[in-house]
1. Given the condition more than 29 Å from residue A:82 (Cβ to Cβ), away from every other protein chain (no Cβ under 14 Å) and surrounded by 22 or more Cβ atoms within 10 Å (Cβ to Cβ), answer yes or no: does some residue in region B:219-237 qualify?
2. What number of residues in region A:79-91 are over 12 Å from residue A:38 (Cβ atoms) and within 11 Å of chain B (Cβ to nearest Cβ)?
3. Looking at D:369, D:384, D:380, can you tell me which residue is more than 23 Å from residue D:139 (Cα to Cα), surrounded by 15 or more Cβ atoms within 10 Å (Cβ to Cβ) and touching a helix residue (DSSP H, G or I) at 6+ places or on another chain (Cβ under 7 Å)?
4. Criterion first (under 27 Å from residue C:41 (Cα atoms), buried (at least 18 other Cβ atoms within 10 Å of the Cβ) and within 14 Å of chain C (Cβ to nearest Cβ)) does residue D:359 satisfy it?
5. Out of curiosity, is residue D:74 touching a strand residue (DSSP E or B) at 6+ places or on another chain (Cβ under 8 Å), assigned to a loop (DSSP other than H, G, I, E, B) and surrounded by 24 or more Cβ atoms within 10 Å (Cβ to Cβ)?
6. If a residue must be over 24 Å from residue D:290 (Cα atoms) and in a loop (DSSP other than H, G, I, E, B), how many such residues does region D:247-265 contain?
7. Given the conditions (1) in contact (Cβ under 8 Å) with a residue 60 or more places away in the chain; (2) in contact with a strand residue (DSSP E or B) (Cβ under 9 Å, 6 or more places away or on another chain); (3) within 13 Å of chain A (Cβ to nearest Cβ), report the number of the one that residue B:105 does not fulfil.
8. Yes or no: region D:288-301 includes at least one residue that is out of contact with any helix residue (DSSP H, G or I) (no Cβ under 9 Å at 6 or more places or on another chain) and either in the same structural domain as residue D:333 (by TED's automatic domain parsing) or on the phi < 0 side of the Ramachandran plot (or both).
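The values are calculated or read from the model by the stated rules, or taken from the named source; none is laboratory data. The structure presented is a predicted model; accordingly, all values stated were derived computationally and were not measured. Positions of Cβ are backbone-derived with ideal geometry, glycine not excepted, and every protein chain shown enters the neighbour counts.
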């Protein structure tokens, strides 16, 4: 559903918005490759989190708990930086299977 | 230094939902630098990839206070922000410590913003300027900047039949900043988060003007697979194409690679240097290597010299 | 317009022609006049001939054009005569005051201005004796006050004393020297 | 209590700035505005103001720092002239679009080239399209009063628009004049102790993003907001002027007439030339010619309706421009006044004089010529260059 954008009378004065509004903007549809997290292999090193360009590694209480597919663009840095061997704790596969 | 578990408890500076390329190094720089701050941060950004992609009205990806003014004036704009903060502090209207951070790409820092940067640093404003340096004007389509390295293919100094990309070597802005006699100057790269956040922490612990030059692999302009951003940053350091070092009150401290790899190891990871590997261009790679070696030796000498001076 | 007096000061860059105009303007204002004081501006540096101006009136002054026909001209540096046309534009009956040891008649002859009143005073000498160095602009204020008749003498001295005392709080000898210079020039200026 | 002092235009503006006591001043020296900053810097050095003074390395950075400090929530001022203002141009519309009430002293000086340090209005006029309120001053008193009013105007919640107050370079900036000063406390009460910013970059409890990129879907709306504020600005400027007049006795309008009500031959001008024109209007009146002057004090927003009403009964009007648009159709003031008069049923004949470029003298004789021309207006060309050698 398309939302009506506000006219100038209803916009706050000036070029200003509250912090973090981009959270509501979906970039997950940019993805052609999809990361999958394998909790059983994860060593909770948080390398994926610190290198994610899209703040899309969900961390709660210092623990990786999943991937934010609404925003993840599927760059694959998390999988590449994952140090777990021989099989990584995050693997990439085609999107939309 | 804070470990990742500690960092992960801090305020996330950027939300997802920004429009940077998949695998972009700029937002990695922003997150790793800002997470290093224990105190609240206030950000100013120059016009550039980072700014346009994170603040498309009405969608702001910044969870911390953020101001964009224009292309060449992030440092001057921050001067004003910081000046007002100093006013508030002096008048007893605030006692909250804030770390002020200005971000600019290499175009907005090395080229059009150099005067503004130089002025702000000389005036001694208490903020950290971070150049996310991807070595060309990526936002407008990969035009050369004075940070573009020799031999790189850009759209305004392209590799062609008689020219092989940029003919001149890059400007050494880190050393120009050192010449400003700042309390802290650092060079870092995407791909070594511990080094980068430690340097940011260090910068935040020092009052006065700080400058950080962070090499930021750009998957669009350098042309590589998006997952390689951090890895290519690491090779830049390992080849000494981009030495990791810091200068605190004039004293150099270099993070030396275990084994200095040939610069070709770095060059071959990116399309922007592909033409250099064609037969006949061997001399250019040799020149680049010689340039890297010369700068590396000079850096080592500075470390030795300033260490002596410190004693 | 009728009661507006226009004054031109001639000096060299660094000699205080601008300051003299400002001081004279301030003094006149303190005594209830409407005033303007402004220098002529250019890229000239120390030593170049310069001019500054006053308008003094009992009416509010609206005019903002330059002064081309001053009824009073003050020459701070006599060496300017012959190099700068210090008499330019002075209407008939106007007056010129020159800082010099020469007599008014000699200056009148030198300038060739029979129809003008010429006054002289040794402002340089007075300033050396009273202030201790050559700053002719201060005594020339006294000479101009006398010749122009624009300022009441006693009130002017009182006002100058007040201003100088504020400016040189810890240097009473400077205040005294300057006042003495103004008083002497007021009394020693003579003309024909 | 009224305090009468002798001050140059620059001193008057610096004095107003001392009394305003802004939170941040960022400025760079340029003739003939330098003195304002120098005097103010001494106030800072002597602790007479609370201001954080940023002695930037260029005017571009001056305006950039002003934007930063103002976005942070501060009451912010600067001063410049000519090339300095031109160097700021890029940032001026950013200040207005971000709705930052920065107040600037602009000492009017010709813009290069050739390089020239003297007065004309080219610098301000070329900045007319950047969403700044622009107020011209006839003399030091108006500059002083205007600067104090400018704080209130700029910070009015209905406007939040940057405002520049101008003086004519050297003619006013360096001319000592008698002016009446207000008490420090009166100024403080009039402008309010501090700015109440709607959004502040330093509000950590409510973090905001300021200066986002607008694309096709929002840019137009944001610019429309500035247009709307400019429409409201006339009312706000008059309200502030009325309050100022009630408190301090000096009354200002968007335009101010001199013997205008029954005038048949009218000169329209801005700045110091208005003073000189008043003298000639008096001369003309003494000769029985119904001469009058219309002074435009506020150029942005442009008081077109007020001007049209004031000029509707005149026979002939000469519009004096101290700048050229290079359109071959006359100066900035002329084109705007003429456009504003278009809807009148009966219009006076209007002609244009471009004068005083680069500080070229405009004296009584020139203005006598203009009034003379107006009495033979049908023989006059649309646009003339006054005081130039051919």
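1. Going residue by residue through region B:219-237, those that are more than 29 Å from residue A:82 (Cβ to Cβ) are none.
So far as region B:219-237 goes, no, none of its residues is more than 29 Å from residue A:82 (Cβ to Cβ), away from every other protein chain (no Cβ under 14 Å) and surrounded by 22 or more Cβ atoms within 10 Å (Cβ to Cβ).
2. 2
3. Within the list D:369, D:384, D:380, the selection yields D:380.
4. So residue D:359 fits the description; yes.
5. Working: touching a strand residue (DSSP E or B) at 6+ places or on another chain (Cβ under 8 Å): yes; assigned to a loop (DSSP other than H, G, I, E, B): yes; surrounded by 24 or more Cβ atoms within 10 Å (Cβ to Cβ): yes.
Considered against the rule, which asks whether it is touching a strand residue (DSSP E or B) at 6+ places or on another chain (Cβ under 8 Å), assigned to a loop (DSSP other than H, G, I, E, B) and surrounded by 24 or more Cβ atoms within 10 Å (Cβ to Cβ), residue D:74 comes out as yes.
6. Number of matching residues: 3.
7. The failed condition is (3).
8. Step one: of region D:288-301, the residues out of contact with any helix residue (DSSP H, G or I) (no Cβ under 9 Å at 6 or more places or on another chain) are D:288.
Those left that are additionally either in the same structural domain as residue D:333 (by TED's automatic domain parsing) or on the phi < 0 side of the Ramachandran plot (or both): D:288.
Yes.
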